[in-house]
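Everything below concerns the one structure shown next.
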Ligand code: PNS
């Protein structure tokens, strides 16, 4: 049984995340999408429970995907779950250095753990949860960036329709 873990903040999940989930799920028996704490991100829009709910909604049609949350080291979480592979999405330029460092650190912390990078889809290279929040908070159109199942929920939290000059 090949178990892989796809960790992230998912605040909120984007179509870029969903693309990685769909492709990664084809490469393993079970893919655990786990909502984790990123100490470099000081504040979040959605509490972890809501991010898990949204991830469950958008992955409901993929039978070998499980969704979880955890506030421990990724290296320890993978060991607990019997996962030998971490999946990460890699966008051109912006992600490489940090992801390279995290992959090496995670293998140092858990010698059984390898990181596999999937290149982000061409139309998602510029996309991030942060960009969705920024565009959405200023009333821009995020419908191409957020999966349809959670679009209204994300728009609601970002205050669509409540802005006025
Ligand atoms: O979506 P993000 O914010 O880029 O995801 C980063 C995340 C959550 C995967 C990363 O911060 C992480 O692995 N957090 C868990 C804590 C941990 O193991 N930190 C050490 C990484 S070397």
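Values quoted throughout were computed directly from the atomic coordinates according to the rules given, and no laboratory measurement underlies them. In this text the structure is predicted, and so the values were computed from the model without any measurement. Here Cβ is always computed from backbone atoms with ideal geometry, including for glycine, and neighbour counts include all displayed protein chains.
One table, with the values for the structure above:
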| read-out | value |
| --- | --- |
| The chain - percent relative contact order, Cα under 8 Å, separation 6 or more | 28 |
| The chain - Debye-derived log10 I(q)/I(0), Cα point model, q = 0.13 Å⁻¹ | -0.61 |
| Peptides ranked, highest mean first, by Cβ atoms within 10 Å: ranges 27-39, 7-19, 93-105, 63-75 | 7-19, 27-39, 63-75, 93-105 |
| All Cα pairs of the stretch 81-129, percent lying beyond 18 Å | 34 |
| Label-point separation, residue 38 to residue 94 (7 Å along Cα→Cβ), nm | 0.9 |
| R0 of 25 Å, Cβ-Cβ distance residue 105-residue 143: FRET efficiency to nearest 0.05 | 0.10 |
| The stretch 1-56 - Debye-derived log10 I(q)/I(0), Cα point model, q = 0.13, 0.16, 0.22, 0.30 Å⁻¹ | -0.33, -0.49, -0.85, -1.25 |
